[in-house]
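Let me begin by presenting the structure, written as structure tokens, before commenting on it.
The values are calculated or read from the model by the stated rules, or taken from the named source; none is laboratory data. For clarity, every value in this text was computed on a predicted model and none was experimentally measured. Don't worry about glycine lacking a Cβ; one is built from the backbone with ideal geometry, like all the others, and counts go over all protein chains shown. Accessible surface areas use protein heavy atoms only, side chains included; no ligands, DNA or RNA. Shrake-Rupley method; radii C 1.70, N 1.55, O 1.52, S 1.80 Å.
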Amino acid sequence: MNRNWIGICLLLATSALAHGQFSIDIEAPPISYSETSHNNRISRLIEAIEAGDVSLSYDSERGYLESLLKSLEIPVTSQVLVFSKTSLQVRYISRRNPRAIYFNDDTYVGWVRGSSLVEISCVDPKLGAVFYSFDMKPNKPKITRTNYDCLACHATTLTQGIPGHTVRSVTALHDGSVEVQKPSFITTHRSPFEERWGGWYVTGKHGQMQHRGNAFVRGDQLETEGNGNRLSLRNEFDSFQWLWPYSDIVALMVLEHQTQIQNTLTRANFTVRKLLHDVSNREEPEELGEDNEREFNAKLASLAKEIVDDLLFCGETKLTDPIQGSVVFSRDFQGSSPKDSKGRSLRDFDLKTRLMKYPLSYQINSQAFDSLTDSLKEEVFKQLASVLFGVHQSDEYPHLDGETRNAILEILRETSPKKYAALNGQRNS
């Protein structure tokens with residue numbers, strides 16, 4: 001499509017673009033959320049179960065949970081535990097019976113002991129987050145796609161206005177209820193450490209840094225004394241009734257990073273798809289003025305920059321003490337990811353001053369990133385190349401010194417040669 005034609009859609013959305021906003025009806029074309037077929041890790045599992053190619057094993061204690069996680073390639077060591085009543089299954093959740101969330105790069109499983117219903121969601125390249133329920137009947141496991149019950153919370157400002165995921169930090173009461181008159185936060189890698197994980201259990205060491213995890217309101221105040229540097233949760237509940245006895249601090253940090261960047265990718269992609277759709281469906285095409293073309297290009301650049309800044313951990317809160325989490329989770333997270341000739345990977349943790357040793361998100365290799373529209377992806381690579389090759393140097397990226405940028409590029413060149421080629425192709429643009 002001629003690039004000039006792309007910007008004609010600005011005639012339909014000039015006011016919204018001028019204010020940096022673009023409201024998208026996810027049930028209207030081109031998204032058509034409920035009507036569009038899903039194609040992701042969960043939909044493929046459903047097909048495999050129905051075809052008889054996969055059989056899940058039932059356990060009287062936890063139903064199909066362990067077998068489900070194995071089929072989805074989700075490590076049990078990813079387990080994080082939330083005791084606040086912030087799920088559809090509020091009647092089962094308490095401080096003595098927290099909800100467990102397990103995840104990998106694109107899929108999330110929520111399980112509550114005592115419930116036969118498992119909540120599942122997955123990042124779909126076309127739809128953003130897609131939600132499923134799994135009724136764990138002993139003789140006939142069934143995974144069903146759901147929409148509206150989940151979207152009531154998962155397609156709001158909490159998730160950047162698109163179907164997505166979020167890590168919330170709330171102020172919890174003793175029974176896990178949320179004190180709505182007290183502060184709550186959306187947690188990202190930019191969040192101050194002291195705002196994180198209200199309503200969650202947290203295990204692992206973090207020195208003198210304080211957080212809101214493991215704490216609840218006593219009287220009128222959140223009781224945080226003694227809530228940090230927990231190595232065990234045995235004093236809170238019988239943690240060995242869960243698949244993993246921890247709610248690992250590093251897993252929580254990974255979760256809050258990846259959920260936000262996935263939302264950013266989805267929102268940017270939905271916006272550009274909507275703009276392109278509006279262009280192609282105009283009944284009377286007309287010549288595009290230079291002002292409208294510049295405005296579209298500015299919007300494209302703005303969306304790409306949000307992605308680039310998330311990929312590069314821009315604005316990440318600096319750790320003032322080392323983090324020490326589960327070595328088993330770290331091993332499982334790194335898994336069989338490709339390493340360069342020096343043994344380095346984008347999945348290597350730092351945990352001294354920041355989350356990742358080489359701060360370019362592993363989500364650059366995700367299906368969600370690969371599914372960005374061509375024009376958006378091209379702009380992302382252009383801006384990334386400018387930063388990583390040292391053309392763009394500003395106070396926005398103080399964590400990316402020359403040595404770190406070179407290491408990132410070397411890792412990409414050997415482990416993701418197509419991504420490196422795309423970056424190198426934009427080097428002098």
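Kirkwood radius and radius of gyration were both taken over the C-alpha atoms of region 237-364, and their ratio Rg/Rh is 1.15. Remark: region 190-258 projects, on average over all directions, an area of 5.2 nm² (convex hull of Cα atoms). Global dimensions of region 153-211 from alpha-carbon coordinates: Rg and Dmax equal 12.7, 37 Å. Taking Cα atoms only, the orientation of helix 290-311 departs from the longest principal axis of the chain by about 30 degrees.
Can you show me the helix-derived [θ] at 222 nm for the chain, built from DSSP H runs with n ≥ 4 at -39,500 (n - 2.57) apiece and divided by the number of residues, rounded to the nearest 500. Mind showing how you got there, number by number?
Details: 12 runs with 141 residues, N = 429.
Value at 222 nm, helices only, nearest 500: -10000 deg cm²/dmol.
Order Ser371, Ser169 by their accessible area, 1.4 angstrom probe, all chains in place, largest first. List each step's numbers first, then the result.
Values: Ser371 45, Ser169 0 Å².
These residues rank, largest area first, as Ser371, Ser169.
I need the shape label for region 56-105. Rule: rounded when a/c is under 1.5, else prolate if a/b > b/c, else oblate, with a, b, c from the alpha carbon gyration tensor. Walk me through the numbers before you get to the answer.
Values: a/c = 2.46, a/b = 1.50, b/c = 1.64.
Taking the square roots of the gyration eigenvalues as a ≥ b ≥ c, region 56-105 is oblate.
Applying 0.36 nm per residue to the separation of His399 and Ser116 and subtracting their alpha-carbon distance, the gain on full extension is 97.3 nm. Let a ≥ b ≥ c be the square roots of the eigenvalues of the Cα gyration tensor of region 21-137; is it rounded (a/c under 1.5), or, if not, prolate (a/b larger than b/c) or oblate? Verdict is oblate for region 21-137. When each of the peptides 44-53, 228-237 is scored by the mean number of other C-beta atoms lying within 10 Å of its residues, the order from highest to lowest reads 228-237, 44-53. Computed over region 104-204, the convex hull of the alpha-carbon atoms projects to a mean area of 8.6 nm². Extending 7 Å from the Cα toward the beta-carbon at both Lys142 and Glu73 defines two label points whose distance is 2.9 nm. The amide H of Thr317, built 1.01 Å from its N in the peptide plane, has Arg190, Ser191 as neighbours under 5 Å, considering only residues 5 or more places off or on other chains.
Close amide H partners of Thr203, meaning residues 5 or more places away or on another chain with modelled amide H under 5 Å apart, are Ser247, Asp248, Ile249.
Take each peptide in 121-130, 297-306, count the other Cβ atoms within 10 Å of every residue, and average; sorted highest first, the result is 121-130, 297-306.
Each of Lys205, Lys377 has its accessible area taken with a 1.4 Å probe; listed largest first, they run Lys205, Lys377.
Rolling a 1.4 Å sphere over the protein heavy atoms, what is the accessible area per residue of region 118-276, to the nearest Å²? Show your work: numbers first, answer last.
Numbers: 6280 Å² over 159 residues.
In whole numbers, region 118-276 has 39 Å² accessible per residue.
Near the amide H of Val217, within less than 5 Å, lie the amide hydrogens of Ala172, Leu173, His174, Glu223, all on another chain or at least 5 residues away, with H placed in the peptide plane.
His165 exposes around 10 Å² of accessible area when a 1.4 Å probe is run over every protein chain in place.
Is region 28-94 rounded, prolate or oblate when judged by the Cα gyration tensor, a ≥ b ≥ c being the square roots of its eigenvalues, rounded requiring a/c under 1.5 and prolate requiring a/b larger than b/c? Note, shape of region 28-94 comes out oblate.
Remind me, what semi-axes does region 377-429 give for its equivalent ellipsoid, largest first in whole Å, using sqrt of 5 times each Cα gyration tensor eigenvalue?
On the way: eigenvalues 59, 40, 12 Å².
Each semi-axis is √(5λ); the values are 17, 14, 8 Å.
Taking the average, over residues, of other Cβ atoms within 10 Å as the packing measure, peptides 95-103, 404-412 rank 95-103, 404-412 from highest down.
Here the ratio of the Cα radius of gyration of the chain to 2.2 N^0.38 Å is 1.01. The length gained on full extension between Asn297 and Gln210, counted as 0.36 nm times the residue separation minus their Cα-Cα distance, comes to 27.1 nm. Between Ser232 and Val180, the modelled label-to-label distance comes to 3.9 nm, taking each label 7 Å out from Cα in the direction of the beta carbon.
If DNA, RNA and ligands are ignored and the probe is 1.4 Å, what is the ranking of Lys70, Lys318, Lys274 by accessible area, most exposed first?
Working: Lys70 170, Lys318 145, Lys274 45 Å².
The ordering from most to least exposed comes out as Lys70, Lys318, Lys274.
In the chain, if the dipole is taken from +1 on Lys/Arg beta carbons and -1 on Asp/Glu beta carbons about the Cα centre, which of Ala421, Phe313, Ala51 is farthest to the positive end? Selected residue: Ala51.
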